[in-house]
Structure formats: structure tokens, C-alpha cells
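Taking it in order: structure first as C-alpha cells, then the write-up.
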Amino acid sequence: MPWLSILIFLPLLGGLLIWLTARGRTAYARWFALVVTGTELLIVLGLWWAAAPAEGGYFYEERAPWIPTVGIQYLLAMDGISLLLVLLTALLAPVAVLASWNAVRHNWPAFAFLLLATQAGIMGVFLALDLVLFYVFWELMLVPMYFLIGLWGHARRLYAAYKFFLFTVTGSLLMLVAILGLYFTHGEQTGVYTFDYFELMHTHLSGTTGMWLMLGFFVAFAVKIPLFPVHSWLPDAHTEAPTAGSILLAGLLLKTGAYGLIRFCLPLFPEASVDFAPFGMALGVIGILYGALLALVQEDMKRLIAYSSISHLGFVVLGIYGWNQEGLSGAVILMLAHGVTTGAMFALVGMLEERSGTRLLNNLGGLLSPLPRLGALLLLFTLSAMGMPGLANFAGEFLVLAGVFQVSAGLAVAGALGIIAGVIYLLWMYQRTMLGELQGERKWVDLDAREMLTLGMLAVAVLWLGLYPAPFLESLQIPLTAIIESSTAVTTGEVDALH
Amino acid sequence: MHSTDLISLAPFILLSLGGLTLLMLGSWPQRISTRTLTAVALTFLLLCATAALFWELPHEVGGMLVIDAISRLFTLVFALGAAAIVLLSYDYAPTRHELREEYLSLILFATLGMTLLVTSRHLVTAFIGLEILAVPLYALIAWRPTRDGAIEGGVKYAVLAGLAAAFFLYGIALTYASTGTLDLVALGTVTSGERLLPIAVTLILVGTGFKLALVPFHMWVPDIYQAAPAPITALFATVAKAAALVFLVRLLALQLPQIWEALLPLLWGLALISMVVGNLLALRQQNLKRLLAYSSIAHLGYILVALAAGNSLGRDAAIYYALAYVVMNLGAFAVVAALAYPDRDRGNLEEYRGLGRRYPLLGFAMGVCLLALAGLPPTAGFMAKLLAFGAAVEAGHIVLVVIAVISTALAFFYYLRIMMVLYAEGETIRDVTPPAQGTVAVVIIASVLVIGLGIFPEWLLKVP
């Protein structure tokens, strides 16, 4: 069975079917969407269970000619890194559906279609290994997300949607130029014109060409992550998006950027990336501190979590450019942890907003006694987000810092400062919402079964990642080793031996 | 004359015959219904397309016409495109009672001109084709002269097209003076370092530039896009431009070795300002037809980026882009025509508010076409840009590509703005009529082609 294609096209076609057949029936659209995303999750779990690495650490591969005249293929493959991120995608999609159950008030069928189309695009990004195909999915996930923000978002949704789209699309178009540049450089050297990732890895790139091409890719990924100077779309988009949009944005879209760095920037341009690594790490640290400092002063809970995302993704970038086994595995684990934790936080803020009508910290307080279950779960995810040992983020942050410390102790210390700031703003947020005086008279309803199920799935993931990350680390072993070898080869001057 | 020649000439004969038949039917003693006239026009257009399928390739007729894969492809495109425009016009409310034999025969003659232009291998044939195309357009733009700006639009187009023709003709004269031949194939082998030739080609380029509305020859475009009835706008914005474009591709594909160097900066400049100015002017535009006019200027700029590369990929990219451009814009204008008020087109973007919800099919098709125009995968618009930018990267024109890419990103803003308006809340309801079947068929076929060409560009790339 072409399982990888099914992973992409099941949500796409399922969503289309919902849109075409629902005719305004909300319940039908919701359940149908839940069934599709649930099936998808089951398939991914099955694939995980059955995964047996073939050559080069790839579990599954699908290859078919698409546009042979210009060397474009339909090439999907899944190794340990893609597997984990696909798993995260499959987990967060039903969460997003469940979180929007009552929150989305109009036009559920169209909403379901866009949500599932986004999922399909993200799946494609994590699986495609032909550069043009990758680009197709990379752009494809933007459009439905744009509409999710622009049509179902909050007050300033249009502004946020445009900003999101224009930032990311500029980055990706520059990547397209770099892809074309790599294609022709490779073609001139070998006479084989192809967009195949595995072939392009063996391109000899001179210093400046390699650096420019690498930067073309880097810009696209940096916008998505987002790194410091190009981050300004993120707080707006996260804040204005509907809950499901925020979950997918923070949980998955940001990960596509970091995934791109690991999958494309480092292996395709090892020489340039080694030269660039100190800048990459510096940008990561700037992101950590900048995000944390801005999170300290936010009043809006969604904005606060958005800035904390910038901070956490800074860790991911720091780990990636630390470029050793600990740093890279830490980065991937942290990506998963952040996806789960932040997804849960946004879902919780959505639930809180449905009940209280506000996200502003000033208007909240003392909610722990009327909403004990919500309060308890918020505590769990807050603790995870601040890096409490035994919970998800700790495993990732610890590994990243351990990895970076071997490269530069100073940067590791600076990164650790970000964790301290994280403790401050997260605890403060918790204190101002859950503790203190209850404001106003209102009938509070605690979490119902659906909401408990939504958060329960994520809580399991958080505990699993925190307590027993070994199965995840194991599947990262082979693919990350290959990436690290390319760096060692560069630094020891054995580039030619590698090719 | 051989039988092969006759087969090669069949589409031209059919188109002229069709135009004359329509005129005769119009002056028939009994009144013949518009429906019948439309059916006759469609029949002749489809016959023309069928005849083109029987062409034997490659072939040339008397050193004047070249019958090759590109000619066939675009003859088909023009015949079918013109058929689509006839269908659109038939259902188009504002000209409902004024659609008679003259209108239809003018469309057929314009198609003849386009076909002649793309098949010409001789500059004089090209000029004749250009004029046969231009003259019916003057009349069609000013159709229903009582409308606001109709006469103004027609006259404006006539004057500027006349000017363009003058440049073109002067270019032809200089070409002849410097090389002694007007045959395109012979021109390609000219080796003498004539100084006049670059000037001659530049003048021809300016003449075609007017037709293609490249900046700085673009001033007529927005006014006339707005003034003409939507189906006619579709006619000269899509197929007519593609005809001029294919001629340009043929001219530049010669590579004219000794003048290419001199020509390159000119192409660069035209491409660059067309992209940038087109997109910048479109950004703040509130009128949908004017907006599409500016966007088409930018698209021609991208095509020039491909042509300036001067390699075989660039030529293929330009051909592919021309076709994608026709389909995308035809789809968009078909939706504009379908949504017209009984007396005029919708103008301001606000008049389209919420219509995507009311007419899901039209809204979806418009979405597909706009995303294709913006260049989003998996549509034909993306593939066209990929090939065009690829050609330029191959030629090493990195700066030009980066500018093209940034202006593409800029363009997303206004395409998305249209889509947002279409799906926004709170529509302005006035005269809600369901779109007619013919129009819906055109809209569906166009959007299927936009996606189909984007996913399977292979069968087109194999043509040239």
C-alpha cells in the first residue's frame, strides 16, 4: 500500500468530501473530520509500529516520475525524523478538531476542509524529498491556514492573515530560487538534472555559491521558525487565529521550519552550514532571550504563549546548530515537546476564553476553585513548558544544553537564562489566571468529557516524552548520525572522501 | 499548390468563410435568431480547431506560413478560446440584445488574425495578422457605444494600436534595408554585423510591446480593460495577447547572434519595470477589471524574464506561460462576466463582497484562477513561474530572478485581497441571477485546465 500518499491524500480528499457533502450540517462535518483525523492517527501509529529501517535509515519510500522532462519526481520517504513529526501532526489534528467543536460557530464544513487541507500540506512537507514536491506542499499548507486565520480569526484577523502570508511567501520564494540554483549547479556538474534530494546531496558547491544557496533555504525556514529579525508575523497570527489555527500554527507550522533546517540546510550544504553555525546559534540565543523578555510583559495569554514559542524555537535552532548527537536529538525532542505542550496551552486558552470571554490576564483570576480540572491540566502543561524534569520539554532542553555546552559554554549559559525567564512568565501567568481573587459573578462549567479527551491525549504524550523518551531518541539515531558525519567530514577536511 | 498546402490553409479558409457566412446570414430576409447565429459561429470555430488537428507537421506554405507544433497548439487555443468567448458573450447580460452577426463575425476575423500571427514566418504576414487582429478589436471595444467610456476606449485603442503598427512597420522596413530579407528563418542566419538591425528589432519589439502592454507602453490597458464588455476584455486580454507573445517568442528564439547582446539590456529593462510597476499599480487598485489589467502587465514581465534567458528552457517556459496565462485569465474574466449586472459589469471590489459564498462554484473557480495567477502550486501558474524562473537561473540572471520573486510575493497581497472579499461576510445583494450554463461550462473547463496543466505539464512540455 502507498501508505505515505495515503497520509497526505486521506485528509485532503476527506476534507473535500466533507465540504461538498455536508450542506451546512455542522454535526456531520465535525464527526466526519474527527473520523478522518482519527483514522490518520491510527495509520501513523501502525506505521510507527511496523517501521523497520531500510538502507540509510528510511522506513518507507515511494517514488514515481512526475515531470521527467525537467527531472521532477513524486518522491516521498520517511525516516526517523519525519516519522516523529508525522506522528506529532497526526496527534495534533484530532486535537484541533476537538478544540474547535463548539468554538467554531459558522460554516463548519468549510472550516473542516481547510483544517484537513492544512494537515495534508504539513504531512506532505514532512514526507516529500523531491525539492519541487517539497516546495509544492510548503506553499500548499499556507493557503488553508491563511483562510483559517482570515475567516475565523479574532478582531484583527485580516491584518494578521496578510502579514503571515506575505512574510512566509517571500521567504519561500527565495528558497525556490535557491532550489533552482542548486538544481542547475548539480546539473552542470553531473549532467543529471534532477530535484531528487538524495542526488543533490552530492553536489560540490564552492564557498560563495554554497553560502548563497544555503541562505536562500535558511531565509524560508527562519521565517517559519521564526528567528529573531523575521519573527514579527508570529505574535499577530497566533493571537488572531482561531484556537485550532493557533494549535496547528504553533504545534506544526513552526516545526516545518526547524525540520527544513535539519533535513535540507545541514545535509545539502554542509560546508556553508558549518561556517554559518556560530551565527545560527547566536540567532537561536537571541530568539530565546528576546522571546522570553517579551513574554514577560504580555497581557494577552495567547500573545504570551506566542512569544514563549519564539523562545522555545530558539532552543531548537540552538540545538540544531550545536550540531552534535545531543544537540540535534534534543532539538527534535524539543520540537515534539513544544508541539504537544503549546498545542495543549492554546487549546486551554481557547477553552478558558469560551468560558470567560477574555484572554487578558487582568480580567482573569481565582479560577482554580470553580474550574479544578482545567486548572490542574493547565498546571501540568505550564510545568512542562517551563522545563520541569519528568515532563516533555525538560528532556529536549536538557539535551540541547548538554550538546551546546560542548561547543560553547557561554551560549549554553545564555540559553539557560531563557529557561529561568520562562519559569517567571509562565508561573506568573498561572498565578494571575488560576490563583488570587475570583472576579465577577458568573456560572462556571468545568471541562466536559470531550475537552478532557482532547487534553488527555496530549497529557499522555507530555508524560511519555518526559519520562521515557528512549523510543523517540532511538528512531532519531540513524538519520542524525548521518547529518553529524557530514559536519565532521567538513571540519576535518575530508569532504571529498564523503562524496 | 499541393494538397498538404490546402490542409494547412484549411483553418484560415474556415475562419474567413465563417465570418462571411455570418455576415450573409445577418442580411437574410427573414430574421435569424441570435441562437442560430451563435451556433454557426461556434461550428466554424470548432471546425477550424478540428482542421488544425489534421495538419501535417512540420510544413511551410510558400515561405509565408510555418505549420509546426507551436502553430497547431496555439491555433487550437485560439479557436477554442474564441469559442469560449462566444459562449460568454451569448450569456452576458449587458450586451444581450446587441449580439448579432457583426459581433460574431468580428470575433471570427480576430481569430483569423491571431492564427495568422502565430503561424507567420515572414514579417509581412505577421504584420497582416496583427492588423486583422487589431481592426475587429477597435469595433468590439466600443460595442454598445452608449456605455460610459465605450467610444473613448475604442478610440484610445485605435490610436495606440495605430502607433504600434507604425513602429512595427518601420521596424520591418529597417530590417529589409539592413538584411535584404523579411523571412524569419533567413534572418536567423544573417551574419553581417549590420548596425541597423538592432534598431529594427527594437522597433518591432516596441510595436509588439504595445500589444502586450509592457511598461512603458501600458497606458491604454487599464482604461480599455474597464471600458470593454467583460467577454471582449477576455478576448484581448487572453488570446490576443498570447498571439502577439508567440510571435515575439518566434522572433527572439532566432537568437539573432550578433544583436542578442544589444537586445539583452532592453529585454531586462522591459521585464523588470513591467513586473515591478504592474504589481505596484495593482496593489491599491479597487476596480477588479483594472486590477486584472495591471496584474497582466506583471505577468508579461515574468514571461520576458524567461525570454531574456535566451535558452531553450526559456522558450518552452514562455510558451507554457502563454498558455497558462490564457487559461487563468479566461477563467477569471469568465467569472467577471458571469457576475455582471444586467446593465454593466461589477466595478469596485466591494461589489463582489460575499459572492463566493452565494455562488460556490464561481467562487471556487475564481479562487483557483486567482491562486494560479498568484503562482501557487499545484496550478499552471506555479509551473509557469517555476519554468520561467528556472530558465533565468540557468542563464545566470540571478538578480532579475530575485526581483521577479519579490514582486511575485508582493502580488500575493492583491490576489488574496480579492479572495478575501469574495468570501467575506455581508454581501451587497442586487439582482441575483443564476449564472447561465454556457458561462458555467467555460468557468469549469478553465479551472480544470488550470489545475490539470499544473499537475501534468508534461504533455505540454513535450510539444515544442
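Shape verdict for segment B:3-461, please, from the Cα gyration tensor: rounded (a/c under 1.5), prolate (a/b greater than b/c) or oblate.
oblate
For A:GLN406 and A:GLU485 in the same chain, what is the full-extension length gain: residue separation times 0.36 nm, less their Cα-Cα distance, in nm?
Between A:GLN406 and A:GLU485, full extension yields an extra 26.8 nm.
In cubic angstrom, how much convex hull volume per residue do the alpha carbon atoms of chain A span?
In chain A, the Cα hull volume divided by residue count equals 129 Å³.
Which order do the peptides B:448-457, A:28-37 take when ranked by the mean count of other beta-carbon atoms within 10 Å per residue, highest first?
Highest-to-lowest ranking by the protection proxy: A:28-37, B:448-457.
Taking only C-alpha pairs under 8 Å that are 6+ residues apart, what is the relative contact order of segment B:3-461 in percent?
Worked out over segment B:3-461, it gives 14 percent.
Please identify every one of the GluC sites (Glu not before Pro) in segment A:292-389 that sits in a loop by DSSP and has no more than 15 other beta carbons within 10 Å of its own beta carbon. Walk me through the intermediate numbers first.
On the way: sites: A:GLU299, A:GLU326, A:GLU353, A:GLU354; in loops: A:GLU299.
Passing sites in segment A:292-389 are A:GLU299.
How big is segment B:179-332 in terms of Cα radius of gyration and Dmax, in angstroms?
Considering segment B:179-332 through its Cα atoms, Rg and Dmax are 15.9, 52 Å.
Which trypsin sites (Lys or Arg not before Pro) does segment B:251-332 hold that lie in a coil by DSSP with at most 12 other beta carbons within 10 Å? Write out the running numbers ahead of the final one.
Values: sites: B:ARG284, B:LYS289, B:ARG290, B:ARG315; in loops: B:ARG284.
Taking segment B:251-332 and a limit of 12 other Cβ atoms within 10 Å, the loop trypsin sites (Lys or Arg not before Pro) found are B:ARG284.
Report the one residue of B:PRO145, B:THR115, B:ALA186 whose Cα lies farthest in the direction of the positive end of the charge dipole of segment B:53-199 (charges on C-beta: Lys and Arg +1, Asp and Glu -1; origin at the Cα centre).
My answer, from the dipole projection, is B:PRO145.
Could you estimate the translational diffusion coefficient of segment A:1-131 from the Stokes-Einstein equation, with Rh from the Kirkwood formula over C-alpha pairs, at 37 °C and 0.692 mPa s, in whole µm²/s? Walk me through the intermediate numbers first.
Details: Rh = 15.4 Å.
Answer, rounded: 213 µm²/s.
With unit charges on the beta carbon (Lys/Arg positive, Asp/Glu negative), name the residue among B:LEU169, B:VAL399, B:ALA237 whose Cα is farthest towards the positive pole of the charge dipole of chain B.
B:ALA237
Place a label point 7 angstrom from the Cα of A:LEU296 along the Cα-to-Cβ direction, then list the residues of segment A:303-338 whose backbone nitrogen is under 20 Å away.
A:303-315
Mind checking the mean number of beta-carbon atoms from other chains within 10 Å of the Cβ atoms in B:381-388?
Numbers: counts 0, 6, 5, 0, 2, 9, 3, 0.
The shielding value for this peptide is 3.
Spin-label point model (7 Å from Cα, Cβ direction): what's the B:LEU23 to A:GLU474 distance in nm?
8.5
For B:GLU60 and A:LEU166, what is the calculated FRET efficiency with R₀ set at 41 Å and r taken between the beta-carbons, to the nearest 0.05?
Calculated transfer efficiency: 0.25.
Just to be sure I follow the rule: in the protein assembly as shown, considering lysines 8 or more places apart or on different chains, how many pairs have Cα atoms under 24 Å apart?
For the protein assembly as shown, qualifying lysine pairs total 20.
Starting from 0.36 nm per residue, how many nanometres of slack lie between B:GLN30 and B:LEU361 once their C-alpha separation is accounted for?
Net length gain for the segment: 115.2 nm.
So how compact is segment B:33-117: Cα radius of gyration and Dmax in angstrom?
Values for segment B:33-117 (Cα only, Rg and Dmax): 14.4, 45 Å.
Could you pull out the longest piece of chain B with no exposed loop GluC sites (Glu not before Pro) in it, calling a site exposed if DSSP puts it outside H, G, I, E, B and it has at most 14 other Cβ atoms within 10 Å?
It runs B:57-424.
Determine the calculated [θ] at 222 nm for the protein assembly as shown from helices alone, applying -39500 (n - 2.57) to every DSSP H run no shorter than 4 residues and normalising by the residue count; nearest 500 deg cm²/dmol.
-24500 deg cm²/dmol
What list of ³J(HN,Hα) couplings, whole Hz, do you get for segment A:358-375 from phi and the Karplus terms 6.51, -1.76, 1.60, once you set θ to phi - 60° and write x for glycine and proline?
Per residue, the Karplus-derived 3J(HN,Hα) values read 8, 10, 7, 4, 4, 8, 10, x, x, 7, 5, 6, x, 10, x, 5, 4, x Hz.
Just so you know, all these numbers are worked out from the coordinates, no wet-lab data involved. This is a predicted model, so every value here is computed, not measured. Neighbour counts are summed over all protein chains in view; Cβ atoms, including those assigned to glycine, are modelled from backbone coordinates with ideal geometry.
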